[in-house]
Each structure stands twice: as C-alpha cells, then as structure tokens.
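Just so it is clear, none of the values below were taken in a lab; they were calculated from the coordinates. Quick caveat, the model's predicted, so the values are computed rather than measured. With ideal geometry, Cβ positions are generated from the backbone for all residues, glycine too; neighbour counts draw on all protein chains shown.
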Amino acid sequence: MIDVLWFQKSTNIIIGAFEVEKSTSIYSGILRLTDLAYSIAAGDEVFYIIIPDNREKDVRIQLSRPSIKSIKVQINYILFSDLRQNCDALCKFGESHHIMKKIAKTV
C-alpha cells in the first residue's frame, strides 16, 4: 500500500519508500511507512512522505510522536513545491535515492 518503493538493483532489497499524501490523513501515510519499517527495515533505508505545503505543520506534529520517532528508519518529508521546483535537477544529477535528501526535511 506504499505509493513508491525504491529497490537496490543488485539485490532487489527495498532501500527507499515514498508515500504521497494529498488528500488522506498524514497519520495514515506515516503509519504505512512505519509498518514497512517494522516489516523490512535493516536501518539503511530512507523513507519519505510527500505532502502539500499547507500540511507541513500536521506532518511535523505527527512525525514528532514518540511512537514514530522510535522506529529504526527516520521518516523525512518533502513538500510538493520543493519536489516540483527541483524535479528536473534531481532527475538530471541524481545517481541514487540519496539525491532526495537534498530537498527532504526532518523533524
């Protein structure tokens, strides 16, 4: 139920996950990422929730919850405007999923 999974080519292991939350609750998207973390996470993965700019306050509140902060994998968030503004450069210069860290925000 995750929107996008990023696999490592050589091993087919999940190394990244992206959940886009435009209209459903922020908490439900974070819960899906948390479930994935508990199911597969070794600690090297990167998880992102992609949100509209006007929902940043809500995502920061939800990501600050002790139950969310205690998982092995940190969940970062990316604003729609940042993704839209940097999309071409990310595609052009990105060599791995780590390029997303350039525009991601943490709590």
Just the residues that are within 16 Å of R60 (Cα to Cα) and assigned to a strand (DSSP E or B), please, taken from the range 1-25. E19, V20
Cβ pairs under 7 Å, 6+ apart or interchain, first in the range 1-28 and on the phi < 0 side of the Ramachandran plot, second of a type in the set (S, T, N, Q) and surrounded by 12 or more Cβ atoms within 10 Å (Cβ to Cβ), ordered by first then second residue, are I15/Q8; I26/Q62; Y27/Q62
Whichever residue in the range 74-107 is farther than 18 Å from A37 by Cα and among the polar types (S, T, N, Q) and, among such residues, is surrounded by the most Cβ atoms within 10 Å (Cβ to Cβ): N86
S28 within 18 Å of V107 (Cα to Cα), in a helix (DSSP H, G or I) and of a type in the set (G, A, S): yes
Against the definition (surrounded by fewer than 17 Cβ atoms within 10 Å (Cβ to Cβ) and touching a Ser or Thr at 6+ places or on another chain (Cβ under 6 Å)), how does D53 come out, yes or no? yes
Yes/no for I71 being surrounded by 11 or more Cβ atoms within 10 Å (Cβ to Cβ) and in a loop (DSSP other than H, G, I, E, B): yes
Within the range 33-50, can one find any residue that is farther than 20 Å from F7 by Cα, of a type in the set (D, E, K, R) and free of Cβ contacts under 8 Å to residues at least 40 places away in the same chain? no
